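Written out below as structure tokens is the structure these notes cover.
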Amino acid sequence: MKNIDVSIIMGSDSDLPIMKDCAKFLEQMGISYEMKILSVHRTPEKATKYAEELKENGVKVIIAGAGGAAHLPGVFAAMLPTIPVIGIPIHTKTLGGVDSLYSIVQMPSGIPVATVAINGAKNAAILATSILAVGNEDIKNKLADFKNSLKDAVSAKDEKLQQLGYEAYLNNNTK
């Protein structure tokens, strides 16, 4: 295994359309990552072996997306207690992802999992970037530039609203 900063793991390939947003943001920031499909329920031995490899290879942050029972982030947080784990609850057809959210956010004392919104993969990557930025000036500067671009975008939208008025703004943005 190569030396990576972030491990992106998901319980199923059906999570990939959401989890791709993690990879896209990390690529934008120039952060190394690896992406895996692992199930702590269906392939526990493989998940355990991967956790051991991550510890040996110095991964700095884990982003884990899971739906339903959503045990993946919690199990990795338990197996790797000194590596930050960010959980992404994945939307489910039956309960809309609230089941996943509760599974991830309700970890027992001592085994925390940082949790983002349902399907919040980009925010998970931004949080992972923030963690990495603590010890890396280059990442810190890239993250600051990204955050400034958000501020600039809001200012530009407000300027447009002030120029056009709300009706013209809405008509212009819905075409």
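What to note about this one:
- Residue match in region 38-47 (condition: of a type in the set (S, T, N, Q) and in contact with a helix residue (DSSP H, G or I) (Cβ under 8 Å, 6 or more places away or on another chain)): yes
- Of all residues making up region 124-173, the number that are within 24 Å of Met35 (Cβ to Cβ) and of a type in the set (Gly, Ala, Ser): 6
- Check on Leu26, without any contact (Cβ under 8 Å) to a residue 24 or more places away in the chain and under 24 Å from Leu132 (Cα atoms): no
- Qualifying residue in region 125-133 (condition: at pLDDT 95 or above, farther than 19 Å from Met19 by Cβ and touching a Pro at 6+ places or on another chain (Cβ under 9 Å)): no
- Test set (1) farther than 24 Å from Leu54 by Cβ; (2) in contact with a Ser or Thr (Cβ under 6 Å, 6 or more places away or on another chain); (3) not basic (Lys, Arg) - Ala70 fails condition number: (1)
- Odd one out for Asp15, checked against (1) of a type in the set (D, E, K, R); (2) out of contact with any strand residue (DSSP E or B) (no Cβ under 6 Å at 6 or more places or on another chain); (3) touching a residue at least 12 places away in the same chain (Cβ under 8 Å): (2)
- Selected residue [within 23 Å of Glu137 (Cα to Cα) and assigned to a helix (DSSP H, G or I)] from Leu26, Leu54: Leu26
The values are calculated or read from the model by the stated rules, or taken from the named source; none is laboratory data. Being a predicted model, the structure only gives us computed values, none of them experimental. So basically every Cβ, Gly included, is an ideal-geometry build from the backbone, and we count neighbours across all protein chains shown.
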